[in-house]
Amino acid sequence: MSYKVAVAGATGNVGREMLSILAERQFPAREVVALASSRSVGVDVSFGDSLLKVKALEHYDFRGTDLCLMSAGGAVSKEWSPKIAAQGCIVIDNSSQWRMDREVPLIVPEVNADALDGGIKKGIIANPNCSTAQLVVALKPLHDAATIKRVVVATYQSVSGAGKEAMDELFSQTRAVFVADPIEPHIFPKRIAFNVIPHGGTFLDSGYTTEEFKIMVETQKILDPNILVSATCVRVPVFISHSEAVHIEFEQPITAERARAILREAPGVLVIDKREDGGYITPVEAAGEDATYVSRIRKDPSVEHGLAMWIVSDNLRKGAALNAVQIAEVLINRKLLKRAA
Ligand SMILES: NC(=O)c1ccc[n+]([C@@H]2O[C@H](COP(=O)([O-])OP(=O)(O)OC[C@H]3O[C@@H](n4cnc5c(N)ncnc54)[C@H](OP(=O)(O)O)[C@@H]3O)[C@@H](O)[C@H]2O)c1
């Protein structure tokens, strides 16, 4: 069985990564179509050893296409995902548009693939926020072992999480610092080069930002609605990979040694945790990798049963494109992806 797959947003950070992961994992596609805005029609994007000519999403006929991996932003997804699904094509969407919709499964395959068995009523499956994905991959096996009550997380998020123009902004501002040019922030609200910004998305009445709120509610939807979560999201001048400093409070006792042993066996997790100089992972080392890395596992003495740890993953891969392709693989394995053609 092989499938016709469209990648919508193929010229973007996530879309390009999707194309490369589909090729790397030899996804059973008989044809892959690259779609973006009409601005990009005719542009070449790489798919394995070949090049694909980009077509316009708005003029593409989805009849006969089995699967659409969508990474073109919330507004485009809001308009197009229902229309695409109505043509018999399953959409796996990377935006936040559908994540909290009760009829849309929000999936991280290592954590809650079974939620797909509840049905794909709208023909849309949501991929979580990049910071949520890596967090729940590490939390799930610990939750199974000792029941998590509460999570406090501070993120150190790379600029690629805000799109390709955000990466250009870090590059041009860094250059501007060295040549003493004036710096005008465009994508980020303040200068990002040689700085950190405690703000992602927009502010809510609660004082949290939308980026923080997403981590809080998505973790509950994917893992367990009883887990209390508080997040602080910080943008840092790193190109790829998000890092997270995480404090976890459990119902039952769990030692750092036991957590390390559990995480070593957990799907999608790699533990790098030597208590010595350099015995932990940094974002530069996680870039281009599939794993969610966990380091600095230690007791949190501020609560009765607590652990602290450092979690790092490539936000464009596990945080977006890889997770989407893994969802597609689950659909195939569970015979949930019917050929449209
Ligand atoms: N970056 C991450 O770590 C990450 C993680 C999880 C989820 N996401 C989500 O994934 C989505 C894409 O993120 P990104 O970082 O890849 O952004 P990006 O680099 O800015 O790319 C945006 C893509 O959307 C396309 N697009 C824009 N308007 C369109 C339209 N009207 N019709 C069709 N295509 C259109 C763009 O095509 P043109 O080049 O033609 O403009 C481009 O291919 C966003 O919803 C984002 O929130 C990102």
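Of the numbered conditions (1) surrounded by fewer than 18 Cβ atoms within 10 Å (Cβ to Cβ); (2) within 16 Å of the ligand (Cβ to nearest atom); (3) among the polar types (S, T, N, Q), Thr232 satisfies every one except a single condition; which is it?
(2)
Restricting attention to strands (runs of 3 or more DSSP E) lying wholly within the stretch 253-341, give those where 2 or more residues are within 16 Å of the ligand (Cβ to nearest atom) and closer than 26 Å to Ile240 by Cβ.
Filter on the stretch 253-341 gives 306-313.
Quick one: is Val229 modelled with pLDDT of 95 or more, assigned to a strand (DSSP E or B) and under 20 Å from the mean Cα position of the chain (by Cα)?
Considered against the rule, which asks whether it is modelled with pLDDT of 95 or more, assigned to a strand (DSSP E or B) and under 20 Å from the mean Cα position of the chain (by Cα), Val229 comes out as yes.
Out of the residues in the stretch 66-88 that are open to solvent by less than 40 Å² (accessible area, probe 1.4 Å) and more than 15 Å from the ligand (Cβ to nearest atom), which is nearest to Met18 (Cα to Cα)?
Among those that are open to solvent by less than 40 Å² (accessible area, probe 1.4 Å) and more than 15 Å from the ligand (Cβ to nearest atom), it is Leu67.
Take the residues in the stretch 42-63 that are near the ligand (Cβ under 8 Å from one of its atoms) and under 23 Å from Pro82 (Cα atoms); name whichever of them is most open to solvent (accessible area, probe 1.4 Å).
Taking the candidates together, the pick is Glu58.
Search the stretch 119-176 for residues being near the ligand (Cβ under 9 Å from one of its atoms) and of a type in the set (A, V, I, L, M), and hand back the single one that is surrounded by the fewest Cβ atoms within 10 Å (Cβ to Cβ).
So the residue we want is Met167.
Would you confirm, using the coordinates I've provided, whether Asp273 is touching a residue at least 24 places away in the same chain (Cβ under 8 Å), open to solvent by less than 40 Å² (accessible area, probe 1.4 Å) and not aliphatic (A, V, I, L, M)?
It is true that Asp273 is touching a residue at least 24 places away in the same chain (Cβ under 8 Å), open to solvent by less than 40 Å² (accessible area, probe 1.4 Å) and not aliphatic (A, V, I, L, M).
If you take the residues of the stretch 91-118 that are more than 19 Å from Leu322 (Cβ to Cβ) and aliphatic (A, V, I, L, M), which of them is most open to solvent (accessible area, probe 1.4 Å)?
Only one residue tops the list, namely Met100.
So, of the residues in the stretch 251-263 that are out of contact with any strand residue (DSSP E or B) (no Cβ under 6 Å at 6 or more places or on another chain) and open to solvent by less than 80 Å² (accessible area, probe 1.4 Å), which turns out to be nearest to Leu139 (Cα to Cα)?
Per the criteria, the residue is Ile262.
Rundown of residues vs (1) more than 7 Å from the ligand (Cβ to nearest atom); (2) in contact (Cβ under 8 Å) with a residue 40 or more places away in the chain; (3) under 14 Å from Gln326 (Cα atoms); (4) open to solvent by 40 Å² or more (accessible area, probe 1.4 Å), yes/no style:
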{"site": "Ser2", "(1), (2), (3), (4)": "yes, no, no, no"}
{"site": "Val7", "(1), (2), (3), (4)": "yes, yes, no, no"}
{"site": "Ala10", "(1), (2), (3), (4)": "no, yes, no, no"}
{"site": "Asn13", "(1), (2), (3), (4)": "no, yes, no, no"}
{"site": "Leu19", "(1), (2), (3), (4)": "yes, no, yes, no"}
{"site": "Glu24", "(1), (2), (3), (4)": "yes, no, yes, yes"}
{"site": "Pro28", "(1), (2), (3), (4)": "yes, yes, yes, yes"}
{"site": "Ala34", "(1), (2), (3), (4)": "yes, no, no, no"}
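Report yes if Ala193 is assigned to a loop (DSSP other than H, G, I, E, B), open to solvent by less than 50 Å² (accessible area, probe 1.4 Å) and either away from the ligand (no atom under 16 Å from the Cβ) or among the polar types (S, T, N, Q) (or both), otherwise no.
Judged against the criteria, Ala193 is a match.
The values are calculated or read from the model by the stated rules, or taken from the named source; none is laboratory data. Since the model is a prediction, treat every value here as computed from it, not as a measurement. All Cβ positions, glycine included, derive from the backbone under ideal geometry; neighbour counts span all protein chains shown. Just so you know, the surface numbers come from the protein's heavy atoms only, side chains and all, with ligands and any DNA or RNA stripped out. Shrake-Rupley method; radii C 1.70, N 1.55, O 1.52, S 1.80 Å.
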